[in-house]
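Coordinate-derived values only; no laboratory data. In this text the structure is predicted, and so the values were computed from the model without any measurement. Here Cβ is always computed from backbone atoms with ideal geometry, including for glycine, and neighbour counts include all displayed protein chains.
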Amino acid sequence: MLDFTEYTKIFISLFAIIDPFGIIPIIIAFTADMTAQKRERVGRIASLAVLFILLAALLLGEAILEFFGISIHSFRTAGGILLLLMSINMLIGDKAHPATDDLDSDATPSIAIVPLSTPLLAGPGAISTVILHAHRGDTVGHYGAMALVLVLLSLIVWITFLIAPWVSRRLGKIGSNIVTRMMGLLLAAIAVEFIAGGLRGLFPALG
């Protein structure tokens, strides 16, 4: 088991990679047409999904990727393509986000899983970081401390979703629409970085 300072460093590094406060405008863009009840549900599902995904990476991540013959670079590239498609919809679609009031109860939470939970929050960077740090120890205490770090991160994600409506109200409808278009462009840039990083990993000659 590592010392407390090392786990603090792991927490800080994962927080920087996940960057929950940095995607508040994107959360606003995807939940602007939702009722307060649906927004709260999306936030709850997203935080739990982030926790589940990173816990799975902690305990089974490398084994799962090896079982399916998937590299982290392939995962990064696929996530980037998915984000790129969604960013195009945000930029030029009839609506920048789906009309969630018209979706059934099963379709609405899907937004919480993709793209909010993954690949935006629990993306390839966070997953690979968790897998890397998981191999730094093999005791129950080490995995318990890592799990505690992930629980704290998921709580921060949940808090982010709680404060997003407050930020949205301050922006107003016109401000939210402007932010949505800007975030669509930003999301496209993030997607390109995901794809480029994945391709460099898959084809080192491109680097």
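Of the residues M90, M34, M183, the one that moves most in a GNM of the chain with alpha-carbon contacts below 10 Å is M34. Couplings 3J(HN,Hα) for segment 129-134, derived from phi with the Karplus relation 6.51 cos²θ - 1.76 cosθ + 1.60 (θ = phi - 60°), are 5, 4, 4, 4, 6, 4 Hz, where x marks Gly and Pro.
Largest GNM mean-square fluctuation across E66, E40, E193, computed for the chain with C-alpha springs under 10 Å, falls on E66. Helix 140-202 and the longest principal axis of the Cα set of the chain meet at an angle near 20°. Relative to the longest principal axis of the Cα atoms of the chain, the long axis of helix 36-68 makes an angle of roughly 30 degrees.
Between the labelled values (i) 34, 17, 14; (ii) 49, 15, 12; (iii) 30, 21, 15, the entry that holds semi-axes √(5λ) of the Cα gyration tensor in Å as derived from this structure is (iii). Peptide packing: for 3-10, 55-62, the average count of neighbouring Cβ atoms within 10 Å per residue gives the ranking 55-62, 3-10, highest mean first.
When the chain is treated as a GNM with alpha-carbon contacts under 10 Å, the residue of S71, S154, S87 showing the greatest mean-square fluctuation is S71.
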